[in-house]
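Structure first, then comments.
The values are calculated or read from the model by the stated rules, or taken from the named source; none is laboratory data. Source: prediction; values computed, not measured. In this analysis, Cβ positions are derived from the backbone assuming ideal geometry, glycine residues included, and neighbour counts consider all displayed protein chains.
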């Protein structure tokens, strides 16, 4: 008994805060059913009366986790900043103006890596880019959630939809005002959405920090689409553009090389292309008679009908069959790869000889795209890339 | 080998089951409106004006001249499908006909060598020359395809006539039959006689002064002595030509096979019998030597007549080798090239008229350009490109 009391006293002296939690555990609460008991307990623990009364174990551990995470991120950020300064010193640059680009260069220089995947190589980035963002504490110490839509389980998403509805109303009110004033025909400057597209589901999820189902995402996009079609949607341009990303312009992707002139003043271009471990260099000369030379031989260098047709395809497509000469050299394993590389090179050269409409038609026909398909590797335990050994039931 | 067999069978099937077949469009001699045809069916009269035009060979003439070979197998099947054998008159054949017409038959024989890539039209030019020779009254010594004698020999026996040499009894009998079909009527008319006695065995003797047809018959009946008969026959013909009894035209396709380093005959000790070890080689090499007159020798060299390792170049010096070149030197080389634009157009028109090219696009310039570039204007490639299989 005396020993037990001693333990209790020892407990009470050293672990004061813990004792208060201990006392307020649900098990303890529910075991002492009489309110008198509870109140007597409360009275004993005066100094932590209201705050600690209704905190559950789950809530407590949640708070702890949130705190730990915050501290962790802070620590990582601190280390990142110090690391940046160290790197700057090592590279002999000014630590104040050491950007992320400089950091990447420094890491690439100091830790050269032969690994194939860029994501496997050493990197040093801001912790926000490495560690996934978490939501801040969603409810307070008493367990009351901060967000009014918390119990929808996707508060940010439904909040966004709610905002949209509110903005819709506002725009309608504005439109009513305009009509009332009689200036409805004065078209507000139109919302120019050409060249942009709605952001993807992943982007929305990373912004809202909530996972969405496909139907929820499509619901959001439909609502935004409807919103963007409002007459006065331009007033909310910034809001809408948050959810649209720029599409890469086609003209920026492929630059058409210039025509050069040879000794006899005939225009020509050269292009080198690859396909499947073979490569080819092709020179297409204008003002020609349709001579085709492949590694010094004529088109019968290729024995198969399909190979010959592949070579002719870009020329026939652009109606340049008897009008240009083609001089090609190819090397590499395999007829199919050589043929594909010559075809791509011819098509790329022909861009200089035809008009923009034909170039677009060529692009749509797939003549101007590099074919990235390669032979798939054979896996162990199988005879081929996909083929499996005979399956035996027993 | 497998590929052409399949084409043969399938072209025959096509002919039976095609509804828009060429049989509905008969070939008549009086078609003159087509630019790609000519009425002149006697090759003796073919001149430069007939260039790139098709002339037709009637069925009896075809049977007589080419029953034992001479037309490429695929071309023969195609001509059966297209309802009539038509050969395009091309520059090499016209050149040869011109030379043959102008030959000084008192001078030693001139040798003409047709050369070019495989599939470019040498065999058909030779077929044209064979038809010319027959029409012009030459006695024809025509070997349709020499490699058949060395690469696909059925039986080879040691020669009864000459030690160290080999006989080809089956091939010899086949050739004698071919020779007699081609020249039967002419020999009958000329009444050539042997100038020597040939003793084949104790009981079989061909006496001096007997008609050549007797020699041929002996060869046809007795396979054992057939090769010997051919040797004797060619010898007699050479002599007859030199003594102005007949005019001889020697036409050989795939001549470089005589100088090939391979044959399919192997002795018991696993050593290979070279083409130069066969008796027939000697006979024909003797005939193609320029030590006689009153005739002509037209020969073709083809890479496909050699084994695959020796097909690098289509040129005569490479294909004949040192011995062959020295044997034939001096000769008149005649190159056979791919179709030129006019010939190509003519070929396409022929196919369209015979309903072989049925797509409407074939009649347009674009379609013909596509065919032209995909085949590279190579005659054989065009035929295969346009074939249904």
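Observations on the model:
- Residues of the stretch A:273-301 satisfying the condition of being within 30 Å of residue A:376 (Cα to Cα) and more than 10 Å from chain B (Cβ to nearest Cβ): A:273, A:274, A:275, A:276, A:277, A:278, A:279, A:280, A:281, A:282, A:294, A:295
- All positions within the stretch B:96-106 that are touching a residue at least 24 places away in the same chain (Cβ under 8 Å) and in a loop (DSSP other than H, G, I, E, B): B:103, B:105, B:106
- The selection criterion, being surrounded by 15 or more Cβ atoms within 10 Å (Cβ to Cβ), within 25 Å of residue B:62 (Cβ to Cβ) and either free of Cβ contacts under 8 Å to residues at least 60 places away in the same chain or in contact with a strand residue (DSSP E or B) (Cβ under 7 Å, 6 or more places away or on another chain) (or both), holds for residue B:220.
For (1) surrounded by fewer than 20 Cβ atoms within 10 Å (Cβ to Cβ); (2) closer than 17 Å to residue A:292 by Cβ; (3) without any contact (Cβ under 8 Å) to a residue 40 or more places away in the chain, each residue gets a yes or a no:
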| site | (1), (2), (3) |
| --- | --- |
| A:330 | no, yes, no |
| A:333 | yes, no, no |
| A:345 | no, yes, no |
| A:362 | no, no, no |
| A:376 | yes, no, yes |
| A:379 | yes, no, yes |
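- One residue alone among B:114, B:110, B:176 is surrounded by fewer than 21 Cβ atoms within 10 Å (Cβ to Cβ) and touching a helix residue (DSSP H, G or I) at 6+ places or on another chain (Cβ under 9 Å), and that residue is B:110.
- Residue B:276 meets the conditions (1) modelled with pLDDT of 95 or more; (2) assigned to a helix (DSSP H, G or I) in every case but one. The failed one is (1).
- Some residue of the stretch B:233-251 being more than 30 Å from residue B:101 (Cα to Cα), surrounded by 17 or more Cβ atoms within 10 Å (Cβ to Cβ) and assigned by the TED database to the domain that holds residue B:296: no
A quick yes/no check of all residues on (1) within 11 Å of another protein chain (Cβ to nearest Cβ); (2) buried (at least 20 other Cβ atoms within 10 Å of the Cβ); (3) at pLDDT 95 or above:
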position: B:337; (1), (2), (3): no, no, yes
position: B:340; (1), (2), (3): no, no, no
position: B:353; (1), (2), (3): no, no, no
position: B:358; (1), (2), (3): no, no, no
position: B:366; (1), (2), (3): yes, no, no
position: B:380; (1), (2), (3): yes, no, yes
position: B:383; (1), (2), (3): no, no, yes
position: B:386; (1), (2), (3): yes, no, no
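- For the stretch B:242-254, the set of residues classified as outside any loop (DSSP other than H, G, I, E, B) and within 21 Å of the chain's Cα centre (by Cα) consists of B:248, B:249, B:250, B:251, B:252, B:253, listed by residue number.
- Yes/no for residue A:338 being away from chain B (no Cβ under 11 Å), crowded, with 20+ Cβ neighbours inside 10 Å and outside any loop (DSSP other than H, G, I, E, B): yes
- All positions within the stretch A:311-325 that are more than 10 Å from chain B (Cβ to nearest Cβ) and within 20 Å of residue B:381 (Cα to Cα): none
- Restricting attention to the stretch A:146-159 and to residues that are surrounded by 13 or more Cβ atoms within 10 Å (Cβ to Cβ) and out of contact with any helix residue (DSSP H, G or I) (no Cβ under 7 Å at 6 or more places or on another chain), the residue that is nearest to residue A:231 (Cα to Cα) turns out to be A:159.
- Restricting attention to the stretch B:134-146, the residues that are over 12 Å from the mean Cα position of the chain (by Cα) and not in a strand (DSSP E or B) total 5.
- Residue within the stretch B:78-95 that is within 18 Å of the chain's Cα centre (by Cα), over 18 Å from residue B:382 (Cα atoms) and part of a loop (DSSP other than H, G, I, E, B) present: no
- Subset of the stretch B:342-351 that is buried (at least 19 other Cβ atoms within 10 Å of the Cβ) and touching a residue at least 24 places away in the same chain (Cβ under 8 Å) - its residue that is farthest from the other protein chains (Cβ to nearest Cβ): B:350
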